[in-house]
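A.B. asks: Have a look at the structure that comes next, please.
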């Protein structure tokens, strides 16, 4: 009995201390949020803006009070918002106290379209008469792509520069599903609609390989052209360098080839930066980080309150995605509807970065785009991906802007429903039985294969949705269903190739789209309103903790990549009819 009361007492004391710790932590977080909201940073002359791009880069940054207060989260990858990066680089170009940028971009985690927009912003910064210096212990190919725009690019002697051209790899789950006893029943329209292939094949089909070669070649050619323009090397010369052995080549060869400005360690780069900023050898360089520069105030050129707005609405992720991420069709539709009704918003820029998803969700969003277009200009800015359902919601905009390296198109539809009968019966010993009042009362089901009548019904639905898709595209692009079908069939295109076939109108990024919106709305002055409205800091905190904890537990205890597990897990909950890209396209 004594042991029982002792144990009970220890439990009570432990619970009290735990509760006090949680209360203290919440108090510190709230205090941190309150202090950050009042934060104002002042900088001195000859300050260096330091930008670390070695993070996941999304279209839009969200506040992360836990990271700001306690440092980087132990669970997930730190994130940056493209919106904040572009805004701060442009602000720095006009800031008399900033005389240069120090760039660390060894391994940014983003697509080439996103990195191309950052690269263009850095180029404009240089055009203002200021300098950009880039350094990394080692450069990934994407990292070097951004760094190559800098006035100077440095790397230490034993560093590596991964410059080898582009490859695209996909993960196939057919073998895993066969071992589990799961058959994936496929319905699709489109010769090139390869979204279903990871679940029914163990390698790429010929049409999938054909389209992948086309868009990866287009992306690489644009990357090479950009580097060629910055480094003064021909594209042919760059391809020769890429064929030399990539990251296994001695760094001296990259220096001799002209990709690097010098072989230097970081302390030597710091000495160079001191010279550029007029800093005495014994002093530290005046510098400000990208996150702190958010809180630096620069007087605006215009005075007074600007009433007219351009709304930038972000649509990022799978359409009707998970609870934690992606595009929720009802929520995004509501956001577009509010922007349409807001008389102070004179134009809308829809920033699309999506591989697609639910055909129904895409149609719901598309309806609101059409309604909004009737009362004010709607411009689409495509990010890394705007394909399938992502193109569905884009195609009727007044103007479509894409980066040459954007992945778009994929005009096609598929249905994918698992049959788990073998798994349940033979492997788990579970059987099913029941009754029904009508012929198709138990359809769809995952406990048995479809019969021929059921297959015919689903395929007919797929065909009907595809017809609606190409009709919408034809109407939006002022062409015929037949011409859209010729370039549709689920085929994926690069932004550059998509412009050649009239799927997009203009090459450029978010800045270009906003300028077009300004012109169409006839605005001299305006301010940007970003939508949807951000979550409160505490809501964002708990959302991030939930997502990051799931990923951390999966990788730590199961020893597998969280994203790959998500792909397999979606099979059991995915909507039957989808308009989306292949599940996993990885471009180095």
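Values quoted throughout were computed directly from the atomic coordinates according to the rules given, and no laboratory measurement underlies them. None of the values given here were measured: they were computed from a predicted structure. Cβ atoms come from the backbone with ideal geometry, glycine included; neighbour counts cover every protein chain shown.
A.B. asks: Going by C-beta contacts inside 10 Å, put 220, 493, 392 in order with the fewest on the left. Mind dumping the intermediate values first?
C.D. replies: Details: 220 22, 493 26, 392 31.
Ascending number of Cβ neighbours within 10 Å: 220, 493, 392.
A.B. asks: Here's something else I'd like to know. Using the alpha-carbon centroid of each, what span in Å lies between segment 321-381 and segment 119-169?
C.D. replies: Between the Cα centre of segment 321-381 and that of segment 119-169, the gap is 35 Å.
A.B. asks: Enumerate the residues in segment 398-430 having an amide nitrogen under 16 Å from the point lying 7 Å beyond the Cα of residue 456 toward its Cβ.
C.D. replies: From segment 398-430, the list is empty.
A.B. asks: Next question. Pull out a ≥ b ≥ c, the square roots of the eigenvalues of the alpha-carbon gyration tensor of segment 248-373, then state rounded if a/c is under 1.5, prolate if not and a/b is larger than b/c, and oblate in the remaining case.
C.D. replies: On the way: a/c = 3.50, a/b = 1.77, b/c = 1.98.
Here segment 248-373 falls in the oblate category.
A.B. asks: Hey, what did segment 92-158 get for relative contact order, percent, Cα under 8 Å, at least 6 apart?
C.D. replies: 40
A.B. asks: Which ordering of 139, 440, 163 is given by a fewest-first count of other beta-carbon atoms within 10 Å? Each step should come with its number before you reach the end.
C.D. replies: Values: 139 28, 440 11, 163 23.
If I rank by nearby Cβ atoms, fewest first, I get 440, 163, 139.
A.B. asks: Also: Which value, in Å³ per residue, describes the convex hull spanned by the Cα atoms of segment 357-507? Display every interim value, and only then the final one.
C.D. replies: Working: hull volume 21.9 nm³, N = 151.
It comes to 145 Å³ per residue, whole-number rounded.
A.B. asks: Here's a follow-up. Could you tell me how many cubic angstrom of Cα convex hull volume segment 190-299 has per residue?
C.D. replies: 264
A.B. asks: Using just the C-alpha positions of segment 114-216 as equal point scatterers, what log10 of I(q)/I(0) does the Debye formula give at each q in 0.17 1/Å?
C.D. replies: Cα-only, vacuum Debye calculation for segment 114-216: -0.85.
A.B. asks: Right, something else. Where the Cα atoms of segment 340-382 are projected onto their three principal axes, how long is each span, largest first, in whole Å?
C.D. replies: Over segment 340-382, Cα extents along the principal axes are 32, 19, 13 Å.
A.B. asks: Please say if segment 477-537 is rounded, prolate or oblate, where rounded means a/c under 1.5 for a ≥ b ≥ c the square roots of the C-alpha gyration tensor eigenvalues, and otherwise the choice is prolate for a/b larger than b/c and oblate otherwise?
C.D. replies: It comes out prolate by the Cα gyration axes.
A.B. asks: If each residue's Cβ is checked for other Cβ atoms within 10 Å, how do 485, 59 rank with the fewest at the top?
C.D. replies: Ranking 485, 59 by Cβ neighbours within 10 Å, fewest first, gives 485, 59.
A.B. asks: How many nm separate the modelled label positions at residue 341 and residue 236, each set 7 Å beyond the Cα in the direction of the Cβ?
C.D. replies: For residue 341 paired with residue 236, the spin-label model returns 6.2 nm.
A.B. asks: I would also like to ask the following. Ratio to report: Rg/Rh of segment 172-251, with Cα atoms as the point set and Rh obtained by the Kirkwood method; give two decimals. Can you show the working numbers first?
C.D. replies: Values: Rg = 19.1 Å, Rh = 15.9 Å.
In segment 172-251, Rg relative to Rh is 1.20.
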